[in-house]
Amino acid sequence: MLLACQPQKKPTTDTISVDPVAPIASGTTSPAINPYAPVDISPMDMSYWPVDYPKLRLTGDRITLPLARVIYSRPHLQGRRLFPDIIQYEQGWRLGANEATELQIFKDVLIENQSIKAGRYTLYCIPHPDTWTFVLNNTTDVWGVQQELGTTLARFEVPVIKTALALEYFTMVFAEKEEKAELIVAWENWEARIRFKF
């Protein structure tokens, strides 16, 4: 009965479906079966500024709202190259997988010296060889890169660098930089940093 009430989801290349009634051969380990929903290989993640805000609040070190958080899905390379296997130059990218990446600002802020009001936004990217253009959009709760015309709030041109890292998983995390915050966007050996000043 519970299964019948669940909305039907379209299968995507970002999910793995396991038949919950398929027999498991003796001597093998059972996969993690979830009869309620497909198991997503690009799990959702969340980063806060201040870093580890929920833990700080739990210990009583923070009693005010956080300043910002980003919610995104974490794809991984799986033997592919970032360019051109996963994303291409000059084409919109959702900054992860599945739903469009969401940036929530709890207090008015300067992002790359542009004034942004507190609120919920989607954040997209258009990669170029030497810079990445980040696009802040007013439309939320959307899938992929389906931006609605007329809802773009701001664009930020940010340098991108090659690093010595080899990140298997796409990563977005806040870090402190000279009493300001930076949102680090990194995958494979590419890294861009968006500056925030509260």
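The values are calculated or read from the model by the stated rules, or taken from the named source; none is laboratory data. Small disclaimer: the values here were computed from a predicted structure and weren't measured. Using ideal geometry, Cβ is built from the backbone for each residue, glycine included, and neighbour counts are taken over all protein chains shown.
Structure notes:
- Any hit, the range 123-131, residues being farther than 19 Å from SER73 by Cα and at pLDDT below 95: no
- Residue within the range 14-27 that is more than 22 Å from GLU179 (Cα to Cα), at pLDDT 75 or above and either in a helix (DSSP H, G or I) or among the small types (Gly, Ala, Ser) (or both) present: no
- Residue satisfying condition, being of a type outside the set (Phe, Trp, Tyr) and touching an Asp or Glu at 6+ places or on another chain (Cβ under 6 Å), within set ARG69, ARG74, ARG57, ARG80: ARG74
- Number of positions in the range 161-192 that are surrounded by fewer than 18 Cβ atoms within 10 Å (Cβ to Cβ), in contact with a Lys or Arg (Cβ under 8 Å, 6 or more places away or on another chain) and among the β-branched types (Val, Ile, Thr): 2
- Which numbered condition ARG195 fails, given (1) surrounded by fewer than 18 Cβ atoms within 10 Å (Cβ to Cβ); (2) at pLDDT 95 or above; (3) closer than 16 Å to GLY92 by Cα: (3)
- Filtered residues of the range 75-106 (kept if among the basic types (Lys, Arg) and at pLDDT below 95): ARG94
- Tabulated pairs, the range 38-66, first over 16 Å from LEU95 (Cβ atoms), second exposed (fewer than 15 other Cβ atoms within 10 Å of the Cβ) and of a type in the set (A, V, I, L, M), C-beta under 7 angstrom, 6+ apart or interchain: PRO38/ILE16; VAL39/ILE16; VAL39/VAL18; VAL39/ALA32; ILE41/ILE16
- Scanning the range 29-71 for residues that are of a type in the set (Val, Ile, Thr), at pLDDT below 95 and closer than 16 Å to ILE184 by Cβ turns up just one, VAL51.
- Hits in the range 66-99 - residues which are of a type in the set (Ser, Thr, Tyr) and within 21 Å of PRO129 (Cα to Cα): TYR89
- Scan of the range 84-102 for residues that are in contact with a Phe, Trp or Tyr (Cβ under 9 Å, 6 or more places away or on another chain) and either among the polar types (S, T, N, Q) or free of Cβ contacts under 8 Å to residues at least 40 places away in the same chain (or both), ordered by number: ILE86, ASN98, THR101, GLU102
- Scan of the range 164-190 for residues that are farther than 21 Å from ILE126 by Cα and either under 15 Å from the mean Cα position of the chain (by Cα) or touching a residue at least 40 places away in the same chain (Cβ under 8 Å) (or both), ordered by number: ALA175, GLU176, ALA181
- Residue match in the range 144-153 (condition: part of a strand (DSSP E or B) and closer than 25 Å to PRO84 by Cα): no
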